[in-house]
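**Student:** Structure provided below as C-alpha cells; questions to follow.
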Amino acid sequence: MTATNRPGHPMPTTAAAITPLTDAQKRVARHLVTGTSNKDIARREYLSPDSVKSHLGNVRTNLNCPARSSRPVLVHALLTHQQVPPPAVPCPQVSMSADEQKLLSAIADHSGPDDIARAADIAPGDLRARTTALITKTGAQNSTHLVGIGHALHLLGPAVKAVTAPNTATERMER
C-alpha cells in the first residue's frame, strides 16, 4: 500500500512497524471508517473538533501515514493493519468491474486526485463522476466510507489474493 506525499512520490505505509492505537483513537477511527465527518465524530464522542483532529493526526503517526494523507488512505491503513473492524456493507450483493476495483484501489492508495486518476487509468476530468457513480453503486456515504466497504467486501486489504494466470504445466500434471 502506498500513499502519495508529493505528486509522483509514493510513500510506503506498511514498511515500518506501527504503534497500536489507544482506546480513544480507536473510538474515533471506528467512526472514520463509516465516512463520518470530524464534526459528527466530535458530537457523537463528546469531544471538541480539535480533539478529533488531534486523534486523527496521532492515528496517522501511529500508522506511519503521511501527515497530509487523505481520509480514504488513512482508513485503508487502519483496516489493513486491523486496528478497527470494517463497516457494515449497505449493499452486500454489489459487484464491481475490474475498472471499478482499480478505481477503488487507487482511492485507497493515493491522496491526490491526479495520482488517483493516473493509478485508475482514467482521465482526471472523469474522476469525480466515476467516483460518485461507485459511491452510489455501493451505498457508501463518501469515498472514505467506500474504502471501508471495499475492505468489508474483501476487495482491499491483507486478505486480497492476487489474480494470476493458471500454470499450464501444473494443469497438465493434474489431468
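**Student:** Looking at Ser143, Ser95, can you tell me which residue is more than 16 Å from Pro72 (Cβ to Cβ), polar (S, T, N, Q) and open to solvent by 30 Å² or more (accessible area, probe 1.4 Å)?
**Tutor:** Ser95
**Student:** Additional query: So, Arg128, is that one open to solvent by 20 Å² or more (accessible area, probe 1.4 Å), part of a helix (DSSP H, G or I) and farther than 15 Å from Leu146 by Cα or not?
**Tutor:** So Arg128 does not fit the description; no.
**Student:** Next question, about the same structure. Name the pairs: first residue in segment 79-98 and at positive phi, second residue assigned to a loop (DSSP other than H, G, I, E, B) and not hydroxyl-bearing (Ser, Thr, Tyr), Cβ to Cβ under 9 Å, at least 6 apart or on different chains?
**Tutor:** Gln82/Gly157; Gln82/Pro158
**Student:** Just a yes or no: is a residue in segment 54-68 part of a helix (DSSP H, G or I), small (Gly, Ala, Ser) and either under 20 Å from Ala24 (Cβ atoms) or modelled with pLDDT under 95 (or both)?
**Tutor:** Yes, segment 54-68 contains a residue that is part of a helix (DSSP H, G or I), small (Gly, Ala, Ser) and either under 20 Å from Ala24 (Cβ atoms) or modelled with pLDDT under 95 (or both).
**Student:** Quick one: Ala77 ticks every box in (1) assigned to a helix (DSSP H, G or I); (2) over 18 Å from Thr19 (Cα atoms) except a single one, so which number is it?
**Tutor:** (2)
**Student:** Turning to a different aspect of this structure: Please give the number of the condition Thr61 fails out of (1) of a type in the set (Ser, Thr, Tyr); (2) under 30 Å from Ala16 (Cβ atoms); (3) within 16 Å of the chain's Cα centre (by Cα); (4) surrounded by fewer than 16 Cβ atoms within 10 Å (Cβ to Cβ).
**Tutor:** Exception for Thr61: condition (3).
**Student:** Residues being among the β-branched types (Val, Ile, Thr), at pLDDT 95 or above and more than 15 Å from the chain's Cα centre (by Cα): count how many of those fall in segment 77-135.
**Tutor:** Adding up the residues that qualify gives 2.
The values are calculated or read from the model by the stated rules, or taken from the named source; none is laboratory data. On a predicted model such as this, the values are computed, not experimentally measured, just so you know. Every residue, glycine as well, gets a Cβ built from its backbone with ideal geometry; the counts of neighbours run over all protein chains shown. Note: accessible area is taken over every heavy atom of the protein model, side chains too, but ligands, DNA and RNA are not part of it. Shrake-Rupley method; radii C 1.70, N 1.55, O 1.52, S 1.80 Å.
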